[in-house]
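Encoded as structure tokens, the structure appears first; notes follow it.
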Amino acid sequence: MKTKAFIKHALTGNEAAAYAMKQINPDVVAAYPITPATEIVQIFSKYVSNGEVTTEFVPVESEHSAMSVCVGASASGARVMTATASQGLALMHEILYIAASLRLPIVMVVGNRALSGPINIHCDHSDAMGSRDSGWIQMFCENANEVYHTVIMAVKIAEKVNLPCMVGMDGFIITHGMEVIETIDDEEVKRFISKRTPLYSVLDIEKPITIGPLDLFDWYFEHKRSQLEGMLQAKKVIPEVVEEYNQRFGTNFPAFLETYRMDDAEFAIISMSSAAGTMKEAIDIKREEGLKVGLLRIKTTRPFPYEILREKTKGLKAIGIMDRAESWSTMGGPLSIEVKSALYPLDKRPFAIDFVFGLGGREFPIEDAFKIIDITRKLSEGEEFPEFVHIGLKE
């Protein structure tokens, strides 16, 4: 049964994330400020101060400490959230692995931002991509409205599979960009996420356990294999939770991948996050010119939806993959390498080219979207290109 009409607000991405956190009312939020995600915990701290939530808010001296507090609180059975960006996520790196290996359903909003050096406070995906193999579920949002709804869904997803989850949004582009957010009633949110049932609790004296022991060659391998089961389970749980959300609230959010104008597409662009919005506009214009081009927007990168990608790229002549990060492999960005790897077993697969763009917050105008479409079209017609092309680079 669908909920009542949405309540509309004009909010930035940071405000939308903080508002969702307020409605979730987590038991613990540990925080250290960092641009462009500072406002999330700053706004949430006001909710705490005003008595609008019952959350234990723990200000700490670093992001490393913030994630350490989250691990301890979550292991005790608490529902736990935080937010960070860029260097802060990098400073958490050690503890990210611990949170995942202990199967703790911590939810963290990440304002995606370039990593130093040189120092840069603007958007790219090098922070999240640097942490992509830490064992966290990773989801990327196209706009602030999707951020709000994804944060709520992430709590339920994380707690069903007992894995931590990152919800990413482009720094400044989404974190500080204001738009109309369609929010759900407080009680509806609480009913959807329900109470947390912890996998275990270190405070349960009837079932004492050891957390974080030394684990050498005798059992480490088996424990890592067991951890993978959580990510395999997530492949089933994520679409179930998203479908439940869509059915209950009348929304239409993707679980792993959104298709746009793909029904008769001869070639397609693969994109993530806010750049997908610009690419949709460009595709609409090129469609009017007669080009059969479509878009595949990847929402979830961990677990990686390789099965869906194989299905959705069948029959395409070429794909252009957009990367807002470098991998330093000299083969292009990290997303393209994973997409190409996913398609490799196919007998017939489209030609593929990677486009590295927008590093350090470089603007992505629609003219650059046209360039990506044009090059991918030429590739589909047999013209040869390098493995990857930099778009928007000053020559």
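Where a number appears in this text, it was derived from the coordinates with a stated rule and is not lab data. These figures come from a predicted structure and were not determined experimentally. Don't worry about glycine lacking a Cβ; one is built from the backbone with ideal geometry, like all the others, and counts go over all protein chains shown.
The table below lists the values:
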read-out: Residue-wise HN-Hα coupling along the range 310-325, computed from phi with Karplus coefficients 6.51, -1.76, 1.60 (Hz; x: Gly, Pro); value: 4, 5, 6, 9, 4, x, 6, 7, 7, 10, x, 9, 9, 10, 9, 6
read-out: Within-12-Å neighbourhood charge of His125 [Cβ basis; K, R +1; D, E -1]; value: -2
read-out: Cα-based reach from Lys378 at 16 Å (exclusive), listing lysines while leaving out same-chain residues under 8 positions away; value: Lys286, Lys292, Lys317
read-out: Per-peptide average of other Cβ atoms within 10 Å, ordering 102-113, 67-78 highest first; value: 102-113, 67-78
read-out: Part-to-part distance (alpha-carbon centres) for the range 70-134 and the range 10-28, which is given in Å; value: 18
read-out: Expected-Rg normalisation [2.2 N^0.38 Å, Cα atoms] applied to the chain; value: 0.98
read-out: Top positive-direction residue, dipole computed over the range 257-391 with Cβ charges, set Ser271, Leu359, Thr376; value: Ser271
read-out: Karplus 3J(HN,Hα) series, Hz, for the range 150-155 with 6.51 cos²θ - 1.76 cosθ + 1.60 (x for Gly, Pro); value: 5, 4, 5, 5, 4, 4
read-out: Listed residues Leu199, Leu257, Leu214, most fluctuating in the chain (Gaussian network, C-alpha, under 10 Å); value: Leu214
read-out: Residues whose placed amide H lies under 5 Å from that of Ile34, excluding near-sequence neighbours; value: none
read-out: Order by protection proxy (mean Cβ within 10 Å, highest first), peptides 277-286, 149-158; value: 149-158, 277-286
read-out: Radius of gyration and Dmax over the Cα atoms of the range 40-179, both given in Å; value: 14.3, 41
read-out: Within the range 43-81, GluC sites (Glu not before Pro) in DSSP loop having at most 16 other beta-carbon neighbours inside 10 Å; value: Glu52, Glu61
read-out: Built amide H within the under 5 Å cut-off of Arg302, gap 5+; value: Gln138
read-out: Most to least packed among 89-95, 203-209 [average Cβ atoms within 10 Å]; value: 89-95, 203-209
read-out: Principal-axis tilt of helix 366-380 within the chain, Cα atoms, nearest 10 degrees; value: 60
read-out: Residues with amide H under 5 Å from that of Asp354, placed H, sequence gap 5 or more; value: Ile321, Phe388, Val389
read-out: Cα gyration tensor shape for the range 257-391, rounded if a/c is under 1.5, else prolate or oblate; value: rounded
read-out: Viscosity 0.692 mPa s, 37 °C: Kirkwood-radius Stokes-Einstein D of the range 196-259 over Cα pairs, µm²/s; value: 215
read-out: Hz values of 3J(HN,Hα) by residue in the range 114-128 - Karplus curve (6.51, -1.76, 1.60), Gly and Pro given as x; value: 4, 8, 6, x, x, 4, 8, 10, 9, 6, 7, 9, 5, 5, 5
read-out: Over 22 Å between alpha carbons, listed pairs Lys235/Lys340; Lys46/Lys299; Lys156/Lys235; Lys22/Lys195; Lys160/Lys299; Lys235/Lys299; value: Lys46/Lys299
